[in-house]
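> To start, I am sharing the structure in question, which I have written as structure tokens.
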Amino acid sequence: MTKNVKKRKVQKKISIKESPRIPQRKSKSKNKSQSPKSKRSLKSTQEDAQSTNSVRYTKFNAKLLDQHIFFKKYITGDEANDKRFICLACKEAEFEDYSGYYDYLGNHFKGVNHKTSILLLETQELINDGKDDQTLEKEDEIKNEINQAIESFYKFRTRKISKIIVPKQVQNEIAIQYTVFLLKKELPFSLVSDLITFTKHLIQKYGAKAIQDTSVSNVTAGQISRECISKSFKEAIFEDLKNTPFALMFDESSDLFGPSFLCTHVRYIKDGKILNRLLSLEQINEDVSGQSLLSIVQNKIFNEDKEAYLRTNLVGICSDKGPNMISCKDKGLLNRLQHLYKDILIVHDFSHAFNLVIAYALKTFPEKVLTLMKSICNHFSRSALRRSQFKQVQVNLQDDGISEIYQIIRYIPTNRWTSLLNSTKRILTFWFSLETYFGQIKEEVPIPDLTNENCIIFSY
């Protein structure tokens with residue numbers, strides 16, 4: 001009897017030695033003495049043991065990221081393994097348990113390391129500024145957000161996710177709402193595609209609830225524009241100017257209320273495209289001389305931090321021929337800049353130069369033609385009834401090939417440089433219609449002299 005018992009014990013010992021070792025859960029007393037690194041290795045060992053026993057893990061679901069703002073900011077899928085997650089907050093805090101299988105993500109959210117890393121990242125700026133009171137308030141707010149995130153995670157895992165099919169009628173109603181918004185705000189229809197794309201981007205990045213709880217006043221938007229966005233845009237432009245040749249364009253003018261402004265544009269090539277950017281718009285005091293403008297340009301653009309690379313890459317300056325820009329006495333802004341930067345090229349703006357040429361050429365243009373053109377344009381510009389009557393004449397006289405009815409283009413010599421050519425072409429196109437219209441008119445108004453001679457003069 002005793003021999004049989006001993007024999008069984010020996011066989012049991014042999015079977016234990018030959019069986020593969022499976023990691024066993026250690027007692028609590030031993031776990032307390034384990035370092036974070038040993039805990040990490042224990043967990044990974046358990047996961048590996050389960051994987052060897054053909055445990056099927058769940059793939060990481062990217063739709064989880066839309067459930068809470070913390071998920072989108074701090075959780076991402078592991079590109080090396082589609083069943084694992086990576087916690088960016090814990091990775092930033094250099095905790096070793098920043099990654100794991102998607103099935104264990106809930107436990108990770110509840111862990112002390114994860115909560116600590118989130119609090120550190122969210123309050124880091126306040127801590128650096130020494131704002132202890134605000135830091136404590138922020139910590140309470142973050143703890144509530146973490147609890148909400150954990151609750152959102154378990155709700156997401158337990159519910160059945162089904163693809164939501166939006167009815168066509170709802171899509172049409174949304175399209176109508178976008179169109180109504182553009183009409184009310186008097187915005188162009190070309191913005192609708194960008195507006196929809198921007199809305200989708202906000203929802204994907206922040207979630208619908210975050211957008212619903214956000215409010216921005218026009219005062220706040222103005223402050224953001226001046227203090228944040230405009231500065232970053234300007235800094236981005238200066239970064240581009242470090243690496244590429246560029247040209248500057250200056251223009252000084254005054255608005256209806258009296259103050260004068262100096263506008264500076266920059267033109268350069270980036271990624272094969274010619275870019276025009278507004279660099280600065282500075283108000284000028286009473287002195288608008290070339291020396292005053294030079295001081296503004298040196299303080300706002302060619303300051304000590306930027307002059308070295310701006311001097312190297314500046315190739316030319318363009319402006320109109322105002323006396324404070326280009327002076328025959330070398331006292332204009334561009335004259336003074338050329339003395340400082342001798343390699344730059346000074347160019348008179350082509351549009352202003354062309355305007356001067358046209359203004360001089362018009363002095364030799366037949367006054368009779370200009371008078372006739374102005375009288376025809378003025379006759380139709382002040383009366384909707386006359387335009388309607390002229391349109392009816394065109395309808396009665398139109399050829400088979402004419403599909404659209406045009407109106408007379410008004411000649412505005414002050415600020416529309418091309419209106420003279422357009423008005424002349426339009427009058428010549430409808431010369432016969434104009435003759436018919438003025439022949440039928442019953443009003444006691446001056447009748448333009450639409451003779452063949454004037455038609456020939458118009459043609460030339």
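Bear in mind that the values in this text are calculations on the coordinates, not laboratory data. For clarity, every value in this text was computed on a predicted model and none was experimentally measured. For neighbour counting, all protein chains shown are included, and Cβ atoms are generated from backbone atoms with ideal geometry for every residue, glycine included.
> What do the square roots of 5 times the Cα gyration tensor eigenvalues come to for the stretch 168-212, in whole Å, largest first, as semi-axes of the equivalent ellipsoid?
20, 14, 10
> For a quick protection proxy, order the peptides 205-218, 308-321 by their average other-Cβ count within 10 Å, most packed first.
308-321, 205-218
> Hey, another quick one. Counting only DSSP beta bridges with both residues in the stretch 263-407, what percent are antiparallel, rounded to the nearest 5?
So the antiparallel bridges amount to about 65 percent of the total.
> Here's another thing I want to ask about it. For q values of 0.15, 0.17, 0.22 Å⁻¹, compute log₁₀ I(q)/I(0) with the Debye formula on a Cα-only model of the stretch 226-355, without solvent.
Evaluating at q = 0.15, 0.17, 0.22 Å⁻¹ gives log10 I(q)/I(0) of -0.73, -0.95, -1.53.
> What is the spin-label model distance, in nm, from Phe198 to Gln177 if the labels are put 7 Å beyond Cα along the C-beta direction?
1.7
> I'd like to know which of Leu281, Ala221, Ala236 lies farthest towards the positive end of the charge dipole of the stretch 209-287, counting +1 on Cβ of Lys and Arg and -1 on Cβ of Asp and Glu.
Ala236
> While we're looking at this one, here's another question. Go through 67-73, 220-226 and give me the packing order, highest mean Cβ count within 10 Å leading.
Highest mean packing first, the order is 67-73, 220-226.
> Is the shape of the stretch 291-407 rounded, prolate or oblate, going by the alpha carbon gyration tensor and its root eigenvalues a ≥ b ≥ c, with a/c under 1.5 for rounded and a/b larger than b/c for prolate?
Prolate is the answer for the stretch 291-407, as a/c is 1.5 or above and a/b outweighs b/c.
> With each pseudo-label sitting 7 Å past Cα toward Cβ, what's the Gln223-Thr429 distance in nm, one decimal?
The modelled label-to-label distance comes out at 5.4 nm.
> Let me make sure I get this right: for the stretch 241-280, a, b and c are the square roots of the gyration tensor eigenvalues over alpha carbons, sorted descending. Under 1.5 in a/c it's rounded, otherwise prolate if a/b > b/c, else oblate. Which is it?
prolate
> Viscosity 0.890 mPa s, temperature 25 °C: Stokes-Einstein D of the stretch 59-116 from its Kirkwood Cα radius, in µm² per second?
Answer, rounded: 218 µm²/s.
> Moving to a separate point now. Can you bin every Cα-Cα distance in the stretch 256-320 into 5 Å intervals starting at zero and give me the percent of pairs per bin, rounded to whole numbers?
Using 5 Å bins, I get a P(r) of 3, 13, 21, 26, 19, 10, 5, 3, 0 for the stretch 256-320.
> Starting at 0 and stepping by 5 Å, how many percent of the alpha carbon pairs of the stretch 318-361 end up in each bin?
6, 23, 26, 22, 13, 8, 3, 0
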